[in-house]
1. Mind checking whether some residue in segment A:524-536 is crowded, with 16+ Cβ neighbours inside 10 Å, outside the structural domain of A:Glu412 (by TED's automatic domain parsing) and more than 11 Å from RNA strand B (Cβ to nearest atom)?
2. When A:Lys185 is evaluated against the numbered criteria (1) surrounded by 12 or more Cβ atoms within 10 Å (Cβ to Cβ); (2) more than 25 Å from A:Val250 (Cα to Cα), which criterion, by number, is the only one it fails?
3. Is it true that some residue in segment A:470-477 is assigned to a helix (DSSP H, G or I), more than 11 Å from RNA strand B (Cβ to nearest atom) and free of Cβ contacts under 8 Å to residues at least 24 places away in the same chain?
4. Out of the residues in segment A:344-379 that are part of a loop (DSSP other than H, G, I, E, B) and near RNA strand B (Cβ under 6 Å from one of its atoms), which is nearest to A:Pro418 (Cα to Cα)?
5. Within segment A:30-58, count every residue that is within 15 Å of RNA strand B (Cβ to nearest atom) and assigned to a helix (DSSP H, G or I).
6. Which residues, taken from segment A:202-224, are touching a residue at least 60 places away in the same chain (Cβ under 8 Å), more than 9 Å from RNA strand B (Cβ to nearest atom) and in a strand (DSSP E or B)?
Amino acid sequence: MTDLEALAELIFPDITETIEDLEKRYPKRNLEKGAIVARFAPSPTGFLHTGSLFATLIAWRFPNQTNGVFFTRLEDTDTKREIEGSGEELLKQLAAFNIIPNEGYMGSYEVGNYGPYQQSKREKIYRIVIKEFVKRNLAYPCFCSSEELSQLRSYQEANKLNPGYYGEFAKCSKLSPKEAMEKIKNNEPYVIRFRSHGNYQNKIKITDLIRGNLELAQNDQHIVILKSDGLPTYHFAHLVDDHFMRTTHVTRGEEWLPSLPIHYELFEAIGWEKPNYAHLPVIMKLDNGNRRKLSKRKDPEASVSFFLENGYPVEGILEYLITIANSNFEEWRLQNMNANIFDFKLSFDKMTLDGALFDLAKVKNICKERLSRLNKEEFTNKAYDYACKYDETLKTLIERDKEYFKSIINIEREKENPRKDYETFKDIYPIINFFYNDLYEELLNNELPFNKERFDNPIIINVFTHFKNNMGLEYNEEGWFENLKQVSTECGFCPNVKEYKKNKESYLGHVGDVSEMIRIAVSTRKNTPNLYYVLQILGKDEVERRINKVIILLS
RNA sequence: GGCCAGCUGGUGAAGUGGUUAACACAUCGCCCUCUCAAGGCGACAUUCGCGGGUUCGAACCCCGUGCUGGCUACCA
């Protein structure tokens, strides 16, 4: 046995398996050519961030478009920052956006043959690989204390040297295996570091799918790969997991770009094929004139739950995120107004480079557009799903009479240019409440917004009386309006607005004033959707009842 | 401090040597109209962070510089 082998045995006496065993256990995936394997690999440190949703959407689309595999992996090696239960919550929130992984960590269980998919449960796998690293002299135990390291750091800073554990400063890299074994036998605490052979002065060429070819300084840091708690650092876990999970495309935030040389060296040292990398821009927010990352603490829209709770349709949010991911999407959408968002093919080369400022106004506009394109069944189902989770009032309203609800929200829907009343499901209730008799009665307690300056109560009552006797609801929309003009004439109002404007003295008002009075009487509001449809939905009897009621109020 | 990336209107952006600098959101006007939601039309960057240079011609190429963001952990 060589000294290195002896050292590896001393550190990992329990490890009997080898990398070859792992290669067999996690065979290459049998996928068609061009199929992408990508993952969502969150840390369980809180609820889903809008930026993570953006990254996940992208990571999910590519496998989805290529018959590949999208899997989830929980990166829970940082036990200090972990928030209990947040891993499961992340998956639930993803599911709320219809992003369902093909395999991996699913919260309470996992699916697939490349697991475990929780890094804390992969300890043994990492140890197998690190044992091999030690044997091949690619890694070594480091006994430096945090005090020594911070002293080193201050020295380097004082002398304007690059900080870190590298080259001549990598003290423990000079220890012979025998010396290292001696220290271990004396129970000196240690971590395992990677033995870098890089030179900071050299440049390496790297390729990023989004940013193209770049030159970065070679890594020379002897980074920690196994922490004293026995868990690997991100860099090493990335190497092992993405190799054995057979990831083809690593999509991650651009904050990882500077550590790419580390990952390159790691893959090259062990002789594994590198995955493709795509470093995604981060969604930003303008704060006092400065751009900063969207922050969960400061910005409500940074938490995905904000959108869910406030009734934003998930397809609107996803569509907005696709819009910032690929700028040619909007153009495509204009050509394909009713198409499914996922008929659009996402591409890396159209990906934006700098972090977009999150634009809630645009989100709302897209949501409004999307909601207007749903048919009444889809709209009702989605509204009901939302209401069940977040809006009890709306829920009971829908449950009272689903067909009635559908007829209300179907006003001027399912046509070429549908009405766009709702940005979110939260908007529904205040817009449609007057259709419901008991809510109408409540609204009646507020003062009705009649134009008191122009019209005395007797005039209004006169209009109502005539209208009651001749509602015209038996006609179609045009016929009804002709009828309303007739009512106007009977009451001394001009049936034509332009005509009225030319000749104001001859009339009390115009047909618009008449319809406003009726609108107020039946809805308590000055603004409603098309009055004809409102009256149709309420029905002749109810319209009459409401008008009578208002006549009494005005008398 | 060092290294890396990015910088085109209020916002997202197209654009890679010759365009009136697309398009979308927002904003503001006007039109349509029984109100509203829409819809239609129009306005909104004399200029692409800034300064030089190359060129007949530069947002696009070169040099310098500024700003913003990221990284520089036994965090991810």
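1. Yes, segment A:524-536 contains at least one residue that is crowded, with 16+ Cβ neighbours inside 10 Å, outside the structural domain of A:Glu412 (by TED's automatic domain parsing) and more than 11 Å from RNA strand B (Cβ to nearest atom).
2. A:Lys185 satisfies all of (1) surrounded by 12 or more Cβ atoms within 10 Å (Cβ to Cβ); (2) more than 25 Å from A:Val250 (Cα to Cα) except (1).
3. Within segment A:470-477, none of the residues are assigned to a helix (DSSP H, G or I), more than 11 Å from RNA strand B (Cβ to nearest atom) and free of Cβ contacts under 8 Å to residues at least 24 places away in the same chain.
4. Residue satisfying both the conditions and the ranking: A:Asp359.
5. 8
6. Matches in segment A:202-224: A:Ile204, A:Ile206, A:Thr207.
Every residue, every condition in (1) in contact (Cβ under 8 Å) with a residue 60 or more places away in the chain; (2) of a type outside the set (Ser, Thr, Tyr); (3) outside the structural domain of A:Val129 (by TED's automatic domain parsing); (4) surrounded by fewer than 19 Cβ atoms within 10 Å (Cβ to Cβ), yes or no:
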site	(1), (2), (3), (4)
A:Thr79	yes, no, yes, yes
A:Asn102	no, yes, yes, yes
A:Tyr105	no, no, yes, no
A:Tyr109	no, no, yes, yes
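One line per residue, one yes/no per condition, for (1) crowded, with 16+ Cβ neighbours inside 10 Å; (2) more than 10 Å from RNA strand B (Cβ to nearest atom); (3) among the small types (Gly, Ala, Ser); (4) outside the structural domain of A:Ile409 (by TED's automatic domain parsing):
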| position | (1), (2), (3), (4) |
| --- | --- |
| A:Lys485 | yes, no, no, yes |
| A:Gly509 | yes, yes, yes, yes |
| A:Ser515 | yes, no, yes, yes |
| A:Ala521 | yes, yes, yes, yes |
| A:Arg545 | no, yes, no, yes |
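The values are calculated or read from the model by the stated rules, or taken from the named source; none is laboratory data. Every value quoted in this text rests on a predicted model; they were computed, and no experiment measured them. Heads up, the Cβs are rebuilt from the backbone with ideal geometry, glycines too, and the neighbour counts pull from every protein chain shown.
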